[in-house]
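Here the structure comes first, spelled out in structure tokens, and everything after it is commentary.
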Amino acid sequence: MQLPGFILLILCYLTQIFFYLKFFRKIKNIRGPNQSEGLSVSVIVVGKNEAENIKTNLPRLCTQDYPNFEVLYMDDHSTDDTNLIVNELCKKYKHLKHLNASDSIKGKKGKKWALKEAREAAGNEIILLTDADCIPDSSLWIKHMVSKFDSHIDVVLGIGQYKRERGMLNILLQYETLFTALSYLGFAAGGSAYMGVGRNLAYRKSIPQLVEEKGMEILSGDDDLFLQSRLNESNAAICIENGSFTTSLGPKSFGSWVRQKKRHYSAAFHYSLQSKSLLFLLKFSFYLPNYLFLCLILTKYALAMLALFVVRSLLWARYLNKIGTRLHFPRRIYLVPCYEIFFSLFDTWITITNLMTKPRRWK
């Protein structure tokens with residue numbers, strides 16, 4: 001076990017180098033913004049009982065500095081003051097439209113049914129998704145996202161951050177969000193795009209609806225399963241311009257975070273074989289060394305293993321510091337080994353429990 005374990009450790013680190021060279025390092029190698037202000041945009045927000053958030057967030061969307069756009073708020077059978085608030089805002093902002101999900105989808109799992117109806121009601125060519133609790137980082141958010149479209153680009157992937165708050169939960173959430181962003185942005189930059197986040201995602205309305213009915217029954221995945229069969233090496237672009245991000249409130253408790261992760265992981269089971277294989281290999285190469293470390297710590301390979309661990313950790317921390325600065329994420333580089341140990345255990349547990357049970361609701 002000692003020698004095979006040490007060889008496996010080396011293979012894991014070599015795999016990480018592959019992902020860095022093939023995907024991660026290309027995140028910075030993006031084109032500057034194009035001139036795409038001629039494109040008309042429909043900003044879509046789907047919400048349920050989001051009265052408190054839309055009071056402040058919808059005006060931020062409606063006052064974007066862009067010449068031709070509409071904001072569609074799709075209410076998914078709210079029971080709070082959403083209708084009253086949105087109707088008042090519609091009087092102030094003529095390009096804000098209030099939509100109500102049909103009774104036929106009431107009680108159905110997930111928000112993708114309401115999102116489907118909102119897409120069908122959109123009057124413009126470009127669909128730009130965000131959430132009710134999201135705030136764009138600047139008044140140029142629409143302009144930045146749309147600037148990446150050209151005749152070959154159908155999808156633009158943006159970054160959806162979580163607000164920085166005190167506490168260990170937010171620290172873990174920030175690292176997870178950074179690692180997730182590196183994954184889907186890096187894969188897209190490397191020609192293997194597989195998902196985006198619905199907090200900040202744009203695509204052409206002309207993309208045909210290819211989600212199967214079984215996919216519509218999944219709680220999560222409205223933003224990635226819908227695009228799976230349309231993503232290829234050339235039609236997806238990434239947007240990491242300053243002012244192009246969105247920020248939302250993160251889960252308030254560990255339990256709500258776990259439920260959110262389970263919903264997201266349930267969608268991952270339905271990715272393409274290539275996407276699942278790459279993601280498995282990525283997570284495997286990052287998580288397995290933590291288990292091997294425990295197995296080899298008292299063997300003759302301990303010093304060599306420790307040397308590899310230190311060198312790799314320093315290089316990875318250096319990269320995270322650079323890319324984290326570029327993407328406006330808090331780094332806390334000294335905690336990177338702790339993050340990786342935690343998530344190697346936590347994600348393994350989430351995956352196993354997701355195989356045994358299914359999440360039941362999104363709100």
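Taking the conditions exactly as written (in contact with a strand residue (DSSP E or B) (Cβ under 6 Å, 6 or more places away or on another chain), surrounded by fewer than 19 Cβ atoms within 10 Å (Cβ to Cβ) and either modelled with pLDDT of 95 or more or among the polar types (S, T, N, Q) (or both)), does C134 satisfy them or not?
On the way: in contact with a strand residue (DSSP E or B) (Cβ under 6 Å, 6 or more places away or on another chain): yes; surrounded by fewer than 19 Cβ atoms within 10 Å (Cβ to Cβ): no; either modelled with pLDDT of 95 or more or among the polar types (S, T, N, Q) (or both): yes.
No; evaluated as a whole, the condition is false for this residue.
Hey, among the residues in the range 107-131 that are among the charged types (D, E, K, R) and touching an Asp or Glu at 6+ places or on another chain (Cβ under 9 Å), which one's modelled with the lowest pLDDT?
Checked the range 107-131; the qualifying residue modelled with the lowest pLDDT is K109.
Taking the residues in the range 26-51 that are in contact with a helix residue (DSSP H, G or I) (Cβ under 6 Å, 6 or more places away or on another chain) and of a type outside the set (A, V, I, L, M, F, W, C) as candidates, determine which candidate is modelled with the highest pLDDT. It would help to see each step written out before you state the result.
First, pick out the residues of the range 26-51 that are in contact with a helix residue (DSSP H, G or I) (Cβ under 6 Å, 6 or more places away or on another chain): 26-27, 36, 39, 41, 43-44, 46, 51.
From the residues that got through so far, the ones that are of a type outside the set (A, V, I, L, M, F, W, C) too are 26, 36.
Numbers: K26: 91, S36: 60.
Across the range 26-51, the extreme among qualifying residues is K26.
Consider only pairs whose beta carbons are under 6 Å apart and that are at least six residues apart or on different chains; among these, list those whose first residue lies in the range 49-64 and is farther than 18 Å from S78 by Cβ and whose second residue is of a type in the set (G, A, S) and modelled with pLDDT of 95 or more.
Once the first residue is farther than 18 Å from S78 by Cβ and sits in the range 49-64, its partners that are of a type in the set (G, A, S) and modelled with pLDDT of 95 or more give Q64/S139.
Just to be sure I understand, how many residues within the range 285-335 are under 15 Å from L178 (Cβ atoms), hydrophobic (A, V, I, L, M, F, W, C) and either in the same structural domain as Q161 (by TED's automatic domain parsing) or free of Cβ contacts under 8 Å to residues at least 24 places away in the same chain (or both)?
Count: 2.
Just need a number here: residues in the range 273-289 that are buried (at least 16 other Cβ atoms within 10 Å of the Cβ) and either outside any helix (DSSP H, G or I) or modelled with pLDDT of 90 or more (or both).
Kept after step one, since they are buried (at least 16 other Cβ atoms within 10 Å of the Cβ), are these residues of the range 273-289: 275, 278-279, 282-283, 285-289.
From what's left, either outside any helix (DSSP H, G or I) or modelled with pLDDT of 90 or more (or both): 278-279, 282-283, 285-289.
Of the residues in the range 273-289, 9 are buried (at least 16 other Cβ atoms within 10 Å of the Cβ) and either outside any helix (DSSP H, G or I) or modelled with pLDDT of 90 or more (or both).
Please find, among R119, R164, the residue that is in the same structural domain as E241 (by TED's automatic domain parsing) and either in contact with a Cys (Cβ under 7 Å, 6 or more places away or on another chain) or in a loop (DSSP other than H, G, I, E, B) (or both).
R164
Go through the residues of the range 123-131 one by one and say whether even a single one is assigned by TED's automatic domain parsing to the domain that holds V43 and touching a His at 6+ places or on another chain (Cβ under 6 Å). Break it down stepwise before answering.
Let us first name the residues in the range 123-131 that are assigned by TED's automatic domain parsing to the domain that holds V43, namely 123-131.
Restricting the remaining residues to those that are touching a His at 6+ places or on another chain (Cβ under 6 Å) gives none.
Within the range 123-131 (the criterion being assigned by TED's automatic domain parsing to the domain that holds V43 and touching a His at 6+ places or on another chain (Cβ under 6 Å)), the answer is no, since none of the residues qualifies.
The values are calculated or read from the model by the stated rules, or taken from the named source; none is laboratory data. None of the values given here were measured: they were computed from a predicted structure. Counting neighbours? That spans all protein chains shown, and the Cβs are built from the backbone with ideal geometry, glycine included.
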